[in-house]
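Engineer: There's a structure below that I have some questions on.
The values are calculated or read from the model by the stated rules, or taken from the named source; none is laboratory data. These numbers come from a predicted model, not from an experiment. Cβ placement follows ideal geometry from the backbone for every residue including glycine, while neighbour counts extend to all protein chains displayed.
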Amino acid sequence: MAATTTPKFHNDMGVPLIEIGDKEFECTGARPPFDHPHVYIDMGEEDEAVCPYCSTLYRYDKTLPSGTARPEEAVAASNVD
């Protein structure tokens, strides 16, 4: 089994769109203790996905490295080494 982690992103800022460098990720909604159930999202062939809990729109941007986001504040602390 691969020893990789799924990138996590949150939307504490309340922005309508977060661009990310991954097509498979977890949305946590906000940072604890205000997070929603952490949901795994797989965009598949699409370049956008909406979180079913917080309705944040995530858009894949192939120019962003994996685990990064625009705005940068959307990256969960667990993604940072």
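Engineer: Could you figure out which of (1) modelled with pLDDT of 95 or more; (2) not in a loop (DSSP other than H, G, I, E, B) isn't true of Ser78?
Structural biologist: (1)
Engineer: Right, here's the next one. Can you pull out every residue in the stretch 27-46 that is of a type outside the set (A, V, I, L, M) and in contact (Cβ under 8 Å) with a residue 24 or more places away in the chain?
Structural biologist: Cys27, Thr28, Gly29, Arg31, Asp35, His38, Tyr40
Engineer: In the stretch 3-25, how many are free of Cβ contacts under 8 Å to residues at least 24 places away in the same chain and either within 14 Å of Cys51 (Cβ to Cβ) or in contact with a His (Cβ under 6 Å, 6 or more places away or on another chain) (or both)?
Structural biologist: Going through the stretch 3-25 one residue at a time, the tally reaches 2.
Engineer: Further question on the same structure: Please work out if Ile18 is in contact with a helix residue (DSSP H, G or I) (Cβ under 7 Å, 6 or more places away or on another chain), hydrophobic (A, V, I, L, M, F, W, C) and at pLDDT 95 or above.
Structural biologist: yes
Engineer: Could you check how many residues of the stretch 33-81 are of a type in the set (Lys, Arg) and within 15 Å of Val15 (Cα to Cα)?
Structural biologist: Summing the residues that are of a type in the set (Lys, Arg) and within 15 Å of Val15 (Cα to Cα) in the stretch 33-81 gives 2.
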